[in-house]
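Quick notes on the structure that follows.
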Amino acid sequence: MTGTVFNIQHFSIHDGPGIRSTVFFKGCNLRCFWCHNPESWRTEPEMQFYAARCIGCGVCAGVCPHAKDGKRALLSDDCTACGACAEACMAEAIRLTGKSRTADEVIADLLSDSDLYEKSGGGITFSGGEPLLQPEFLRALLLACRERGWHTAVESAVCVPWERIEALLPLIDLMICDIKTLDEAAHREATGQSNARILDNIRHIAGTGKPLLLRTPIIPGFNDSRESVAAIAEFIAALPGSPALELLPFQSLCKSKYESLHRAFGAETLETPERAYMKELAALAERSGVFCTVNGL
Amino acid sequence: MNSCEKRQRMADELDAYYADFNPKTNELLALLEGVYAAHREEEPSLMKAALHEALCEACDIHLFDGLPFFFEIRSGRPRHTWGGLQSHVGLFAESKLAGLWLRPYEKAIEEDRREGFFHGWRPFGIDHHCLGYDAILGEGFEGILARAEQIGSKASPGQKPFYEAVTKSIRALLHMAERFAAEARRRAESASDGAGRAHFERIAEAAARVPAKPPRTFYEGFCSILFCREVISSIEGIGISTFGHLDRMLFPLYEADLAAGRMTREEAGELIHALFLYTDVRFELRRAVHETSTTIILGGCDRDGAVVYNDLTKLFLEVLVQGRYIGTKVNCRISSKHPRAYFENLADVQLANLPVIVLQNDDVILAARTAQGQAIEDCRLYVSGGCHEIVLQNTEVNTRADSWISLPRLLLKTLETSAAESFEDFYGEYRRDVQAYYDRIIALKNEGERHWYEASPLPLYSSTLTGCLESGRDATQGGAKYSSTALSMLGTATCIDSLYSIKHLVYDTGRLTLEQLRGILAEDFAGNEPLRQYIIRKIPKYGTNHAALNAFASGVLDDLSTLADGKINARGGKYLPAFYPHDIFRPMGIAIGATPDGRRAHMPLSRGCSPSEFIEVENPLDIIHSLGAIDFTKYADSFCAEMTLPPMEKAVGRNVLAAIIEAFLEQKGSSLQFNLLDRERLLDAQKHPEQHADLIVRVCGYSEVFVFLNAEQQAEVISRAIR
């Protein structure tokens, strides 16, 4: 069983309880303009170029099978993401992101920290991209985690058929889902998808009694109004099992990732919301009876 | 006045006193000159006793209106010092003979220092020692005196002077305490209000009791420890850098006071506040960087092996956080027998952004010490001297933290001339070079140490130690039960990574010849940046939990641990293999050229058992897991790993750090310290230092306010936060 993963991040402490490792799946069916993982959008492998690391040695052009006039094809239309330049780059300025990996390979990578999952009540979080777009691969990984007694969390936009979620849910210990906005038109414009199926799925998940954590990224000009947050809080307050809400202030630290992909960052000009305002929004949500934090704090 | 205001007043009073601290050093030195002239034909220890007698009579004493202790003598010891090396009067006799032992040593190591082989300044270490506090608290100096007189009465003529020096010195010390008692009585009588009278009456009563007799209360215990540490450090020329294992020694008194209603927990807390506050104010740590060489030890176990973790342990940690004290190094002994609640208490200190504690693993350190032939009952009472370095309270005189040998510099030397055809041969040459150098330094140190007794006998320190009274020999003559020297090496990761690079580049892949590598290093990788990047990123590095490299590192460190085998110092004690760093890794890096691990010329060496600073460590937990490959019980001194983590919210961080501490114990690491660094905040603090006066970072075995560090140190701390 193989799948496409673009990163495994160890020592994750903000994606579920305890010390965790987060496995990032490549491929996503949403296109949120503020996304902090643009390398997760496409399923196929992609090249990334970090200019700040480049030492200008020129080895990449020498090994590039599609070079023209001694110039490498990296990130141009001629580039096939074969990865030859990434292999040759000593400074790791060029990276091939999203290699196909077997479930066993992924598990082997997770094993080193298993003592700390246990001691901290942590485990593994599957994130992305959209992990539910590779359901068989996810199932294999969840089963392997269960065999080892590792706690599992799946972070998903849940914009997939309910049956797919339902089938995997018994293998998952914690679901983490985003609610970006309740405004259907705004949601469609900002992410490329309607929120109708997402909200339905969240209702269904809450109805099963599965532990559920909801998150709302606060994006200036999109969903940062008091009304928008109040509407989300009311939606959550009506769910069974009173799930908690985490507000995540927009961050622009991912800018270098967009640059590395030669891709425009749709939220480049936005600023991180003030801490005081975030607290005010959290307090507002709590008024609807929802346990609400900022960045989990 | 609430306790916060009281503390502020205490701080203001101390600050004002030390700001205007104008010790009459010249008068005292003139007096000592006369004593010296009158006694110069006598045995060195009797000369020292005569100097003690003169100082205990002549030094002015001072009591504070707010601080409830008595210890401040005007000995000429400057404000930002702890005595020992910086005590003019204490080193009076020693400096007279510097031509005999110090100058030849300095001359012999001058070139080694310049070339970056070695860093050090003295052949024997007079700092980072610990008094035999258990004898001081258990029988009092009167008890020790009685023992000295009794044994001394039967001593051979050759040993009589030692006992005579001890008894004279103790009487002088007790006279000093009596002077404090009299002064306190005088101040009580002239006090203008009831609170002032009570304050001085309390001091008068304590000074009449301790350190002559065993303390009856927690307060008297504190008074005794503080008086002995401060006064002996000032007058004897020995740096007593630790207050000892406080939660073990003082808990019975604390418990009894609480049970009898003599003291509340809050009152005990105020005494602890006063102890911490004294060090922070004396060393002016809110205004500048100063090394305090002041340590306390918590946790661990008692002589019988029973776990020490009690309410006093918790109280010390609570007070530390309440007062945000940074000058006292709080070394916490942990073990697999301690409960998780203890680790959570320790985590709370870290999460308060107070990186002032170092964790030391009893499971490993006790095994390492008993492997050196030291009795388990003695090992169980180990403490730390100045920073991490270990000494057995009551039984050991360990001279160290004055000499460091650079493993990377020695590797460059081997590389300069080697024509080895296999890595095994190259490694064999390197080991021979290291051993030869180690032996050379030992010979130099021993030559100097032979003059220690002659230059500076230590009758007071000796009298508190197990072994000296029994043997009739001073601590400087090897009288203590254990007379060790922990000679430290430096640059663990730089050395291991460099060896591994040579193995890979020259012998495994044939990418370079030794000649080519020599040329590239001599040019500091100029024109060879791709190769340097290859070395940094493609060749496995220490600290990344790489299986083959772990095995290699383990082998190298096992080999290095045998360097000290069978080596004996001038006091007849053992040399112990050690790797404690201080912040010498920086100057010793500046002194040397590029190394085969990809480190550029003049950059810092690695520290303790941490990975090199310039290596990208993607998973901070790898450091903990890398430790598991190494047998730290082969190193008798503390071998410290540093872990840099992002800032964490309290509930998350407590769980995370406690789990890491448990994993560290399971991996059998030696010592561990954390630095929770927020890179954004560090960068902002460089731009706006005035807004970040409370940003404290771990520098090495000690902590400092970030904005007071120099630009180079700041850059180094920030580089750690990035990875």
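State which residue is farthest from B:Arg440 (Cα to Cα) when the search covers only segment B:113-128 and only residues that are at pLDDT 95 or above and buried (at least 20 other Cβ atoms within 10 Å of the Cβ). So, considering only residues that are at pLDDT 95 or above and buried (at least 20 other Cβ atoms within 10 Å of the Cβ), the one farthest from B:Arg440 (Cα to Cα) is B:Gly116. The single condition among (1) within 13 Å of another protein chain (Cβ to nearest Cβ); (2) of a type outside the set (Val, Ile, Thr); (3) out of contact with any helix residue (DSSP H, G or I) (no Cβ under 6 Å at 6 or more places or on another chain) that B:Arg679 does not meet is (3).
Contact annotation: residue pairs with Cβ atoms under 7 Å, 6 or more positions apart or on different chains, pairing a residue in segment A:115-128 that is over 19 Å from B:Lys668 (Cβ atoms) and more than 14 Å from every other protein chain (Cβ to nearest Cβ) with a partner that is outside any strand (DSSP E or B) and of a type in the set (Asp, Glu), are A:Thr125/A:Asp15; A:Ser127/A:Asp15. The residue that is surrounded by the most Cβ atoms within 10 Å (Cβ to Cβ), among those in segment B:612-628 that are at the interface with another protein chain (Cβ under 10 Å from one of its Cβ atoms) and charged (D, E, K, R), is B:Asp622. Each residue in segment B:629-648 was checked for being free of Cβ contacts under 8 Å to residues at least 60 places away in the same chain and either within 14 Å of chain A (Cβ to nearest Cβ) or more than 25 Å from B:Ser703 (Cα to Cα) (or both), and 3 pass. Only helices (runs of 4 or more DSSP H) whose full extent lies in segment B:1-67 are considered here, and the ones with at least 1 residues that are under 29 Å from B:Val321 (Cα atoms) and in contact (Cβ under 8 Å) with a residue 40 or more places away in the chain are B:3-19. With respect to the stated conditions, A:Val59 fails to be within 12 Å of the chain's Cα centre (by Cα) and either within 26 Å of A:Gln251 (Cβ to Cβ) or within 14 Å of chain B (Cβ to nearest Cβ) (or both). Considering every residue within segment B:248-256, establish whether at least one is without any contact (Cβ under 8 Å) to a residue 60 or more places away in the chain and of a type in the set (Gly, Ala, Ser). For segment B:248-256, residues without any contact (Cβ under 8 Å) to a residue 60 or more places away in the chain and of a type in the set (Gly, Ala, Ser): present.
The set of residues in segment B:69-108 that are over 23 Å from B:Val289 (Cα atoms), crowded, with 21+ Cβ neighbours inside 10 Å and modelled with pLDDT of 90 or more comprises B:Phe69, B:Phe70, B:Phe71, B:Ile73, B:Trp101, B:Tyr105.
With respect to the conditions (1) surrounded by 15 or more Cβ atoms within 10 Å (Cβ to Cβ); (2) more than 14 Å from chain A (Cβ to nearest Cβ); (3) within 19 Å of A:Cys57 (Cβ to Cβ), B:Gln516 lacks only one, and its number is (1). All conditions in (1) at pLDDT below 95; (2) facing another protein chain (nearest Cβ under 10 Å); (3) touching a Ser or Thr at 6+ places or on another chain (Cβ under 8 Å) hold for A:Ile13, with the sole exception of (3). Here B:Leu627 meets the list (1) at pLDDT 95 or above; (2) more than 27 Å from B:Ile696 (Cβ to Cβ) almost entirely, failing just condition (2).
Condition first: at the interface with chain B (Cβ under 10 Å from one of its Cβ atoms), surrounded by fewer than 17 Cβ atoms within 10 Å (Cβ to Cβ), modelled with pLDDT under 95 and not in a loop (DSSP other than H, G, I, E, B). Can you find one or more residues in segment A:42-54 that meet it? Yes, segment A:42-54 contains at least one residue that is at the interface with chain B (Cβ under 10 Å from one of its Cβ atoms), surrounded by fewer than 17 Cβ atoms within 10 Å (Cβ to Cβ), modelled with pLDDT under 95 and not in a loop (DSSP other than H, G, I, E, B). Listed by position, the helices (runs of 4 or more DSSP H) contained in segment B:428-491 that have at least 2 residues being out of contact with any Leu (no Cβ under 6 Å at 6 or more places or on another chain) and among the hydroxyl-bearing types (Ser, Thr, Tyr) are B:459-464. Counting only residues that are buried (at least 18 other Cβ atoms within 10 Å of the Cβ) and part of a loop (DSSP other than H, G, I, E, B), segment B:568-582 holds 8 of them. Can you pull out the residues in segment B:547-561 that are without any contact (Cβ under 8 Å) to a residue 60 or more places away in the chain and either surrounded by fewer than 19 Cβ atoms within 10 Å (Cβ to Cβ) or not in a helix (DSSP H, G or I) (or both)? B:Ala547, B:Ala548, B:Gly555 - these are the residues of segment B:547-561 that are without any contact (Cβ under 8 Å) to a residue 60 or more places away in the chain and either surrounded by fewer than 19 Cβ atoms within 10 Å (Cβ to Cβ) or not in a helix (DSSP H, G or I) (or both). Looking across segment B:192-248, the residues that are touching a strand residue (DSSP E or B) at 6+ places or on another chain (Cβ under 9 Å) and in a loop (DSSP other than H, G, I, E, B) come down to B:Ile238, B:Gly239, B:Ser241.
Can you tell me which residue is farthest from the other protein chains (Cβ to nearest Cβ) among those in segment A:19-41 that are closer than 20 Å to A:Met175 by Cα and among the aromatic types (Phe, Trp, Tyr)? That would be A:Phe25.
The values are calculated or read from the model by the stated rules, or taken from the named source; none is laboratory data. The structure presented is a predicted model; accordingly, all values stated were derived computationally and were not measured. All Cβ positions, even for glycine, are placed from backbone atoms using ideal geometry, and neighbour counts span all protein chains on display.
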